[in-house]
Amino acid sequence: MWDLFFQPFADFGFMRRALMGCFAISIGATPVGVFLMLRRMSLTGDAMAHAILPGAAVGFLVSGLSLGAMTIGGLIAGMAVALLSGFVTRVTALREDASLAAFYLISLALGVLIVSTRGSNVDLMHVLFGTVLALDNAALILLCSIASVSVLTLAVLFRPLVLECADPQFLRSVSGFSAVTHFTFLTLVVLNLVGGFHALGTLMAVGIMILPAAAARFWAVSIGGMIAAAIAVAMLSSLIGLLLSYHYSLPSGPAIILVAGVFYGVSLVAGPVGGLVARGLPRRSLEI
Amino acid sequence: MFSRRLLLGSATALAALSLSAPNLTQADEPTRVVATFSILGDMVQRIGGEHIALTTLVGPNGDAHVYQPSPADARAVSEAQVLIENGLEFEGWLGRLVEASDFSGVRVMATDGVEPIAFDDGHDDHGEDKHDDHDDHGHDDHAEDKHDDHGHEGGHGHGAHAFEWAGLFELEAGTYTWSFAKVGGDYADPAMKMVILSADDIEAVEETAEDLLEADASETKTHGDALAAKEAAYALTFDAAKEVTTFTVTIADAGKFAFFTEHMPFEFEANEHFFKDASGADVEPIAQEPDVDHGDHGHGGHHGHDHGAFDPHAWQSLENAVIYVDNVTEALAKADPANAASFYENRAAYVAEIEALQADVVAMVAEIPENKRTVVTSHDAFGYFADSYGLTFAAPQGLSTESEASAKDVAELIKQIRKESISAVFVETITDNRLLEQIANETGAAIGGTLYSDALSDADGPAPTYLDMMRHNATTISTALGS
Amino acid sequence: MTAAVVFQDLTLGYERLPAVQNLQTEIADGSLTAIVGPNGAGKSTLLKGMTGALAPLAGNVSFEALRRDDIAYLPQQSDIDRSFPLTVMDLVAMGLWREIGPFGRISGRHQDRIASAIATVGLTGFETRPIGSLSGGQMQRTLFARLLLQDARLVLLDEPFAAIDAKTMDDLISVVRRWHGEGRTVLAVLHDAETVSAHFPQTLMLARELVAHGPTEKVLTVENQFRARQKCEACVGPTHTCGRAAA
């Protein structure tokens, strides 16, 4: 028991750091993921993750494996794509998904182009696929800061955000908060993805954002419940993923995301709220 | 050793001169030469001097493992008269590039004649538990005096066995398919001997197999032929016109069978497993010799298919560099006999520098205390360096720069560093060094500096030429370990 | 009698195609007005123009002494995400936005008002039901409860009684009458002439331009309806959206 669960963390500092980094991401990113899911914008997260690439690439090319440069580059690129696609949607007939797709594809191509102009792209590959095992103090502080900012902003923005998700028309009719809410929320998405890619890489960062949220949908009815369930799933996935990586020599990032994927699969089948088994039971059981 | 090759090379050059082959260059026009990566490019330039127009595909600080050819590269290759590659499957992309660019010149493998180190031989940094299995099989002298002194596990040199690989399979009666595929555009060898014997373990029939393989008598088999377990050696001839040559293995009665081959079967693996049953399912050996841990060893399973069975970083030994230089000189002299004399002059000067540096490096290593000769780098590319100079290299990641390290790999390495009190960890040009910094922090080992493995630095860096690189690496290591 | 809303030569439309043209009239403060007209007459467009969601192409809408959050608007097809995890209580409580804003606390007094609004629309006992489990009628009651809490001086309703059962409609009409009794100005787009005659003292008939506006019995005449149909058929645009007369 001790050897299985605790000894790796007791013996190795990098395991503790990895776990701490993952927990920070779990706390910061998964509530954002819950809102992304509730707004039916799950794939937007994926698009934004790609959009971050050229910014991170430029940051890397300018000052190497610098946490700050890549974070700022990623933030700028992500926000630029979010704002531009929002702007295009508001002034033309193109829907947001289409304009977002257009911009992130441009962004992605630009990223690959920038990377290719330099002979060496392996360092960048490592950055893009992340190294949760190599979190240094600066990276940990960044992850924890992002998680704190994210949680605080969500707490402040909770009500408008719920409204913006559930009944945007109503929010627009009662206040001018709609646009502010929308873009603050997109900022949070970008911020968490940028934080996540230091640990898990851009693509896997979306995984820890969306998969626990999707799983939580099958466990809770209320938003609060979903957020709590999502954070729990994300933390458990991080823990189990890291342990699997430790005991079975699997790459850590994918291991964590796959565990989250397993949680999603189990929730899909066995979740009490609309899971396949619950659906199969007589309707009476749904009338709480 | 060097002089023999030199004589050979000179003789060839003279022969070429007197023949004056029709595809020779005009004397005043430089020969168009393409070298695949920066280290090779530097050597070629040293030999060719002003008489060649050199294009290097993967430049300084570039990584040849993940290189993507550009159209300009393809054009350079198509116009080249000589294409010089490292070989040993270092440039996996080269076959496609050569095909795509209609290259019609001479392709030269710089490692031709190098004694290659098999992967997981000599520098498997984790699996100390595997030492004992091998030691009683006898090494050649080279392996004997180098490896055992420094705590390596078995290096299976070519001299010890008539076979390079043996695998024990438990098979049902029926037919199986053994396939040999071209890797990087060519078979690893055009032909190979194989022996199939019914046996409970490899050692029981090892001698029989060796006798059969060493005997002159053999049955020649070609694509599609059937093989069976019997006391005879098959001479398998691979069909150059096909991408894959297959043989049917017919098993009359279920049981255990030992297969002995002259080459590693993995050298002939392109995309598919080499041995399959009638339904197409992979058949894995229950035991093999050497125990290469093919595929699913604790490195995230990337050894088998990303590379061939051998470590391609042969230039990391200065002795091998002389072989490189000889191959290059010979090729250039053939392509441009008019300037052959100049190439051989350049060669002589260059080899003198290499040998001087070799002596320096040996002296530097000699000063390092015996118990401090283990080095940790992020890129497992120093197998030849380790062998040549009696150092041990350990790495958190496997040989490929493309795969991610697992927590287990990192934990094992940290344990190893703690146990063997390794004092220095090296950051290297390629690969994420944040991981190393973490390991260094955790173990208290110093970060020793940057080692160059696969590419030169640019002109301002510490390793703009091959010799600079080797000197820089040796100095960096001896400084860190000696301190 | 003062005017709550004044339309001055108002032209509204999408993509420069006018849906309401040159509307010039006033809505009296405290009036209960039905907006009627054939399909495609621009009724919903007019309401959107009043909420500010649609900017006028020409002319303007002016509100006497009304601020933006004095206006409550119930769209015909609300884009509420019914699968969103909200309870009846959560949704109704949104009506307090004007008072508590994005960050304010919901006090005990607010709780009482929420409970009373839910009771007024007859949903007591449904407070914790997720909105996804409500019927169409129950949903409409919930939205009316939210309107109640908005405590708006001007209430804009777009087809509030479409596709709901008779009992719900009766209950909701009594809510509308209550607002009228409290002196609020109510404008409702309706298509059922009987409902209009029975409950709405004022009627504004629209067919892209104003047909008639005044007491219901004077506006809702056969001649006016005929004129409205003709105007709508003559107007630009695909005929099938204008051809069918209603109201």
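Taken together, the values in this text are just the output of simple stated rules run on the coordinates, not laboratory data. Everything numeric in this text was worked out from a predicted model, so none of it was measured. Heads up, the Cβs are rebuilt from the backbone with ideal geometry, glycines too, and the neighbour counts pull from every protein chain shown.
For this structure, a couple of remarks:
- Potential extension, B:Ala348-B:Ala278 segment - 0.36 nm per residue separation minus Cα distance: 19.5 nm
- Violating pairs (Cα-Cα greater than 30 angstrom) within the set B:Lys256/B:Lys419; B:Lys221/B:Lys276; B:Lys256/B:Lys408; B:Lys230/B:Lys276; B:Lys221/B:Lys334; B:Lys276/B:Lys415: B:Lys256/B:Lys419; B:Lys256/B:Lys408; B:Lys221/B:Lys334; B:Lys276/B:Lys415
- Remark: C:Ile27, A:Ile76, B:Ile286 ranked as B:Ile286, A:Ile76, C:Ile27, counting other beta-carbon atoms within 10 Å and listing the fewest first.
- Counting only DSSP H runs of at least 4 residues, each contributing -39500 (n - 2.57), and dividing by the residue count of chain A, the helix-based mean residue ellipticity at 222 nm comes to -28000 deg cm²/dmol.
- Förster radius 22 Å - calculated FRET efficiency between A:Asn137 and A:His247 (Cβ-Cβ, nearest 0.05): 0.25
- Chymotrypsin sites (Phe, Trp or Tyr not before Pro) lying in DSSP loop within region C:70-145, provided at most 13 other Cβ fall within 10 Å: C:Phe103
- Given charges at beta-carbon only (K, R positive; D, E negative), |dipole| of region B:225-266 in Debye: 100
- Distance between the C-alpha centres of region A:31-68 and region A:216-263: 20 Å, rounded to the whole angstrom.
- Residue-averaged beta-carbon neighbours from other chains (10 angstrom radius) around A:239-249: 4
- A:Tyr246, B:Tyr67 arranged by Cβ crowding within 10 Å, fewest neighbours leading: B:Tyr67, A:Tyr246
- Residue exposure proxy: A:His198, B:His313, A:His247, B:His273, ordered by other Cβ atoms within 10 angstrom of their Cβ from fewest to most, comes out as A:His247, B:His273, B:His313, A:His198.
- Applied to region B:457-470, the Karplus parametrisation 6.51 cos²θ - 1.76 cosθ + 1.60 on θ = phi - 60° returns per-residue 3J(HN,Hα) values of 7, 6, 4, 7, x, x, 9, x, 10, 4, 5, 4, 4, 5 Hz, with x for Gly and Pro.
- Note, ³J(HN,Hα) from phi for region C:151-165, Karplus 6.51, -1.76, 1.60, rounded to Hz, x at Gly and Pro: 6, 8, 7, 10, 10, 10, 10, 10, 6, x, 10, 5, 6, 10, 6
- Trypsin sites (Lys or Arg not before Pro), loop per DSSP, at most 15 other Cβ atoms within 10 Å - longest free stretch of chain C: C:106-243
- Computed about the Cα centre, the dipole magnitude for chain C is approximately 180 debye when only Lys and Arg (+1) and Asp and Glu (-1) carry charge, each at its Cβ.
- Rounded to 5, percent antiparallel among DSSP beta bridges of chain C: 55
- Among the residues of C:99-106, the average count of other protein chain beta-carbon atoms within 10 Å of the residue beta-carbon is 3.
- Whole-angstrom gap from region B:313-347 to region B:435-479, using each part's C-alpha centre: 27
- Measuring r between the beta carbons of C:Ser62 and B:Ser70 and using R0 = 60 Å, the FRET efficiency lands at 0.35.
- Against the empirical curve 2.2 N^0.38 Å, the C-alpha radius of gyration of region A:28-201 lands at a ratio of 1.05.
- Leading residue at positive end of dipole, region B:165-289 (Cβ point charges), from B:Thr222, B:Ile202, B:Met192: B:Thr222
- Taking the empirical scaling 2.2 N^0.38 Å for compact globular proteins as reference, chain C has a Cα radius of gyration ratio of 1.03.
- Dipole orientation for chain A: of the candidates A:Thr30, A:His182, A:Phe60, A:His182 has the Cα lying most toward the positive pole (charges on Cβ; Lys, Arg +1; Asp, Glu -1).
- Each peptide in A:268-280, A:50-62 gets a packing score, the mean of other Cβ atoms within 10 Å over its residues, and the list from highest to lowest is A:50-62, A:268-280.
- Label zone of A:Arg40 (point 7 Å out along Cα→Cβ, amide N under 18 Å): in region C:111-153 this covers C:131-134.
- Semi-axis lengths, Å, region B:165-289, gyration tensor of Cα atoms, sqrt of 5 times eigenvalues: 21, 17, 13
- If you plug the beta carbon distance of A:Ser222 and A:Val156 into 1/(1 + (r/R0)^6) with R0 = 25 Å, you get a FRET efficiency near 0.85.
- Between region A:84-103 and region C:172-195, the Cα center-to-center distance that results, in Å: 40
- Of the DSSP H helices in chain A, those whose Cα atoms cover at least 20 Å axially and whose Kyte score averages -1.0 or more: A:13-38, A:42-63, A:67-91, A:96-117, A:137-166, A:177-216, A:223-248, A:252-270
- Restricting region B:226-262 to trypsin sites (Lys or Arg not before Pro) that sit in a DSSP loop and have at most 10 other Cβ atoms within 10 Å of their own Cβ leaves nothing.
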